[in-house]
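The values are calculated or read from the model by the stated rules, or taken from the named source; none is laboratory data. Not measured: the values here are computed from a predicted model. Using ideal geometry, Cβ is built from the backbone for each residue, glycine included, and neighbour counts are taken over all protein chains shown.
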Amino acid sequence: MGNPYIVPAIVAVTLATLAIGFYGLKLARTTSDFLVASRVVSPTWNAAAIGGEYLSAASFLGVAGLILKYGVDVLWYPVGFAAGYLALLLFVAAPLRRSGAFTLPDFCEVRLHSRGLRKLATAFVVFIGWLYLVPQLQGAGLTLTTVTGGPYELGALLVGAVVTANVALGGMRAITFVQAFQYWLKLTALAVPAMFIVLHWQGDGRPPVTPPDGLTFPTATTVVVEHRATLTLHDGSTREVQPGEELVFQAGEPVPHVSGVDTAREMDWLLPGNDAGGLFGTYSLILATFLGTMGLPHVLVRFYTNPNGAAARRTTLVVLALVGLFYFFPTLYGVLGRVYTPQLLMTGETDATVLLLPVAVLGSGALGQLLAALVAAGAFAAFLSSSSGLLTSVAGVISTDVLAHASDRGPGQRGSVRDFRVAALVAGLVPVVLALNVASLDVSQVVGLAFAVAASSFCPLLVLGIWWRRLTDLGAAAGILVGGGAAVGAVMVTILGPPLEGWTAALIAQPAAWTVPLAFAVMVAVSLATRRRTPPDVGSTMLRLHAPESLRL
Amino acid sequence: MEQPTTGAGAPQRTRIVLADVVRRRDHDRARAELTEQTQVGDALVRGLVRAQLALALRLSVVVAIGLGALPLLFAVAPTISTVKVMGISLPWLLLGVGAFPFLVAVGWAYVYLAERNEQDFTAVVRRPER
């Protein structure tokens with residue numbers, strides 16, 4: 001696309017990631033360095049690292065795209081993504097750190113002493129991790145295609161290879177530095193262009209976001225038709241278009257509505273309550289994002305690097321602030337995208353809003369191109385950091401639970417460095433192969449489904465495990481199988497199944513509102529029915545989870 | 001392993017000024033109460049867990065009302081959505097900007113109150129013998 005800065009910017013981000021990884025490698029000498037950063041990472045570093053890890057392609061690209069398309073109703077995505085950390089802080093952060101558990105399977109072992117439950121948790125960690133990794137790699141491929149015109153496979157392979165190498169060679173200490181760097185890079189990459197864009201919008205005399213006569217093209221725009229569709233023009237007339245046709249719109253011409261591209265019209269966009277799933281969908285989304293964050297494996301693994309429970313709390317609070325600060329910007333891009341890149345509403349490729357907006361607003365001069373390169377670098381940082389974090393946690397459970405078991409060291413024993421590297425290769429290869437072969441999935445939707453699965457499996461396990469003495473291993477396993485299994489089923493139907501209509505569609509597309517209560521109910525009911533299996537040491541476990549470290553028990 | 005000191009003689013008194021011996025002895029007793037799951041120790045831990053859970057639930061209710069009621073409010077009273085503050089309609093302002101400082105404020109309150117609960121617990125455990 002003729003922007004000379006984008007490729008160097010992406011290469012620079014990748015090299016910086018590798019360089020910080022190798023700098024960390026020199027510091028990481030022992031197995032414990034590799035796995036948990038020796039537990040000496042300060043809250044601020046750790047919080048930036050968690051933020052860097054958490055803000056994935058779905059946050060960096062997806063949120064702005066959704067807002068451009070659907071308007072105020074999807075603001076619940078960023079709010080929920082941030083509020084998840086509040087739920088984590090209130091119910092999980094300090095006790096989880098005090099439990100000493102490094103992964104979710106570790107937590108099962110510490111609290112309920114059950115090998116079977118440990119295996120089940122491992123399976124869910126790997127499933128959620130891969131469900132989250134595939135769209136990251138696909139987003140990387142699509143970004144490379146959008147901004148450089150390069151092949152899709154190259155982007156997915158590049159990010160997959162860089163991340164796998166970095167995780168396998170540097171382990172987690174390196175990853176902590178890499179992630180913290182990535183957070184600040186991502187924030188800068190959105191904030192700096194946003195300032196220029198807003199100033200330019202002011203200079204334009206603040207063109208309205210929802211003009212009374214409908215959206216208009218800011219400049220002459222050519223749209224190439226790829227699929228047969230029906231355009232509904234502003235005066236209500238319709239027009240059939242054929243693939244290959246080039247539509248030329250002059251500046252000031254109204255934007256037509258394209259059949260098959262689901263977007264919200266003016267008032268629906270501006271005002272809440274016009275979601276496809278209605279109130280049910282909104283509340284289901286709120287439940288999934290608020291409660292799902294605590295069940296994401298790459299988030300939990302970070303808590304072990306806090307020195308104690310109080311530090312874990314403070315870290316979570318800083319993360320909440322950092323993540324909230326970040327989410328202000330995607331909203332801005334989504335809103336101003338309606339003024340400057342309305343053609344994306346015709347193509348439906350709204351995930352490209354953030355990437356295209358700088359040039360669309362500031363022109364293709366040096367400034368616009370430099371800012372576009374900065375945004376592209378930030379997007380790559382998003383793919384690299386989320387994938388690294390996910391891969392570290394998936395590799396962590398594979399090395400401690402699958403490989404260590406196979407080599408007769410028994411589950412729960414810290415695997416060797418070599419085990420961890422082998423696990424990282426395996427854990428990285430599978431999603432790369434999937435990303436290259438599976439038909440393109442919608443980034444934000446799949447990430448939302450991963451949240452729903454986490455909210456209906458690990459959230460009840462953690463909350464009940466930490467606060468309720470009578471939880472038993474059978475109860476926990478039944479709750480995860482029924483609630484998490486129902487969510488996994490809904491995911492499979494959404495991704496592979498036929499399109500659904502009416503209430504079934506709402507229940508399947510946003511399953512959290514029924515799968516989360518189901519998981520809690522089953523877990524409590526089965527635990528009460530198997531009361532005799534309550535672990536005998538639950539008292540001392542509770543003491544360990546909740547007593548402050550200052551007592552030095 | 002730390003040995004309990006007798007702490008009776010005069011030379012030891014000078015060390016007590018440093019609050020070392022007395023604290024360690026009390027601390028050992030408290031530690032034993034807690035770790036050996038005596039009735040007192042168990043009640044202390046249950047009290048702490050209950051206090052922390054009640055705090056977390058109370059703040060969840062604050063969020064459930066502050067944020068969770070918004071979709072319902074917008075659905076029941078659509079006129080609220082059309083209110084504009086500084087040229088931005090209210091739902092956009094509440095969700096796009098206001099929600100984040102609100103969440104951080106609730107989180108800050110939780111960290112402060114949860115640490116106070118823990119200090120209370122520590123104070124009870126370390127309380128010198130009556």
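Observations, loosely collected:
- Flag if A:Leu551 is of a type in the set (A, V, I, L, M) and without any contact (Cβ under 8 Å) to a residue 60 or more places away in the chain: yes
- Verdict on A:Phe181 being of a type in the set (Phe, Trp, Tyr) and modelled with pLDDT of 75 or more: yes
- Filter result (within 15 Å of A:Pro460 (Cα to Cα), more than 19 Å from the chain's Cα centre (by Cα) and at the interface with another protein chain (Cβ under 9 Å from one of its Cβ atoms)) within segment A:84-94: A:Leu90, A:Phe91
- Residue ID - surrounded by the fewest Cβ atoms within 10 Å (Cβ to Cβ), chosen from residues in segment B:89-119 that are within 25 Å of the chain's Cα centre (by Cα), touching a residue at least 24 places away in the same chain (Cβ under 8 Å) and more than 7 Å from every other protein chain (Cβ to nearest Cβ): B:Ala109
- Candidates B:Val40, B:Val22, filtered to the one that is in a helix (DSSP H, G or I) and modelled with pLDDT under 50: B:Val22
- Filtered residue count, segment A:62-99, keeping only those that are modelled with pLDDT under 85 and closer than 24 Å to A:Arg302 by Cα: 0
- Residues in segment A:309-341 that are within 10 Å of chain B (Cβ to nearest Cβ) and aromatic (Phe, Trp, Tyr): 3 in all.
Per-residue answers, yes or no, for (1) outside any helix (DSSP H, G or I); (2) at pLDDT below 80; (3) of a type in the set (Ser, Thr, Tyr):
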site: A:Tyr327; (1), (2), (3): no, no, yes
site: A:Thr331; (1), (2), (3): no, no, yes
site: A:Gly337; (1), (2), (3): no, no, no
site: A:Ala360; (1), (2), (3): no, no, no
site: A:Gly378; (1), (2), (3): no, no, no
site: A:Ala381; (1), (2), (3): no, no, no
site: A:Val394; (1), (2), (3): no, no, no
site: A:Leu403; (1), (2), (3): no, yes, no
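- Listed here are the helices (runs of 4 or more DSSP H) enclosed by segment A:446-553 that have at least 2 residues being within 14 Å of chain B (Cβ to nearest Cβ) and among the hydrophobic types (A, V, I, L, M, F, W, C): A:512-529, A:538-546.
- Qualifying position, being farther than 30 Å from A:Val79 by Cα and modelled with pLDDT of 80 or more, among A:Ala12, A:Ala19, A:Ala28: A:Ala12
- Residues that are surrounded by fewer than 22 Cβ atoms within 10 Å (Cβ to Cβ) and either more than 25 Å from the chain's Cα centre (by Cα) or not aliphatic (A, V, I, L, M) (or both) within segment A:479-513 comprise A:Gly485, A:Gly489, A:Gly497, A:Pro498, A:Pro499, A:Leu500, A:Glu501, A:Gly502, A:Trp503, A:Thr504, listed in sequence order.
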